[in-house]
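Asker: So that we are looking at the same thing, I have put the structure below in structure tokens.
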Amino acid sequence: VNILTHTAEVELCEDQRNAIRLVKQKHIAQDRSESRDHPSVPSSPHHHPTTGQQRGGGAVWDIFRRRDVPKLKDYLIKHSHEFRHTYCCPVDEVIHPIHDQSFYLTKQHIRKLKEEYGIEPWTFEQKLGEAVFIPAGCPHQVRNLKSCTKVAVDFVSPENLHECLRLTEEFRKLPRHHRANEDKLEVKKMIIYAVDRAVRDLEELTAATGN
């Protein structure tokens, strides 16, 4: 669950706006240069997500269905050379296309994903005070439209226990240096404590009934 608790408008001065325009021009030039090596790389400024602030919503979310994960992974691997990561550098290595957290799907990529694989995310704006529930195993991306403060809470529900166990096993198989190689949910430990509690409750109930 992700709760948007605070937003603030950030007014940019003219120097900052000029700096942003300069960076965008460099990105466009880089796209055009690299599109000669990879014809599928767009050479349009729309290749990059917009950074302008908008009224109303605080963040834009894209959440994919769990059953669409295999197709999403195939798309990201197939088009990995079209994406940029830190400092607008190409993505040199793909260990796991989702858990790497190196890709952001722009509107253009979302449109291409639907054309090639027939899948698309739920897309919506999160407003101040709203909570977004992300089902276990559903890949998602979020882009802030304003300066935001959020509270995120991870939990395990009985209905999604099998999916949490699958994700835990998936994380375990990642390389040790990988950012996602950590059992944050500790599902197996939860199961041990739950069983221990159930046994103690049963023993107390049996003892009370016997008396």
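The values are calculated or read from the model by the stated rules, or taken from the named source; none is laboratory data. Fair warning: this is a prediction, and the values are worked out from it, not measured in the lab. Counting neighbours? That spans all protein chains shown, and the Cβs are built from the backbone with ideal geometry, glycine included.
Asker: Going by what's in this entry, would G137 be described as over 21 Å from I20 (Cβ atoms), of a type outside the set (F, W, Y) and modelled with pLDDT under 95?
Answerer: Yes, satisfied.
Asker: Give all pairs with beta carbons closer than 8 Å in which a residue from segment 82-105 that is assigned by TED's automatic domain parsing to the domain that holds Q25 and among the small types (G, A, S) meets a residue that is modelled with pLDDT of 90 or more and surrounded by 14 or more Cβ atoms within 10 Å (Cβ to Cβ); count only pairs at least 6 apart in sequence or on separate chains.
Answerer: S102/V94
Asker: Hey, could you check segment 143-165 for residues that are touching a helix residue (DSSP H, G or I) at 6+ places or on another chain (Cβ under 9 Å) and of a type outside the set (D, E, K, R) and say which is surrounded by the most Cβ atoms within 10 Å (Cβ to Cβ)?
Answerer: Step one: filter segment 143-165 for residues touching a helix residue (DSSP H, G or I) at 6+ places or on another chain (Cβ under 9 Å), giving 156-157, 161, 163-165.
After this cut, where a residue has to be of a type outside the set (D, E, K, R) as well, the list is 156-157, 161, 164-165.
Numbers: V156: 16, S157: 10, L161: 14, C164: 20, L165: 16.
Only one residue tops the list, namely C164.
Asker: Follow-up question, since we're still on this one. Looking at (1) in a loop (DSSP other than H, G, I, E, B); (2) within 20 Å of T168 (Cα to Cα), which one does D68 not meet, given that it meets all the others?
Answerer: Only one criterion is unmet by D68, namely (1).
Asker: A follow-up question, please. State whether the residues of segment 189-205 include one that is surrounded by 11 or more Cβ atoms within 10 Å (Cβ to Cβ) and within 18 Å of the chain's Cα centre (by Cα).
Answerer: Within segment 189-205, none of the residues are surrounded by 11 or more Cβ atoms within 10 Å (Cβ to Cβ) and within 18 Å of the chain's Cα centre (by Cα).
Asker: From T51, T106, T7, which residue is loosely packed, with under 15 Cβ neighbours inside 10 Å and either within 19 Å of the chain's Cα centre (by Cα) or at pLDDT 80 or above (or both)? First the steps, then the outcome.
Answerer: Numbers: T106 fails: loosely packed, with under 15 Cβ neighbours inside 10 Å; T7 fails: loosely packed, with under 15 Cβ neighbours inside 10 Å.
The conditions single out T51.
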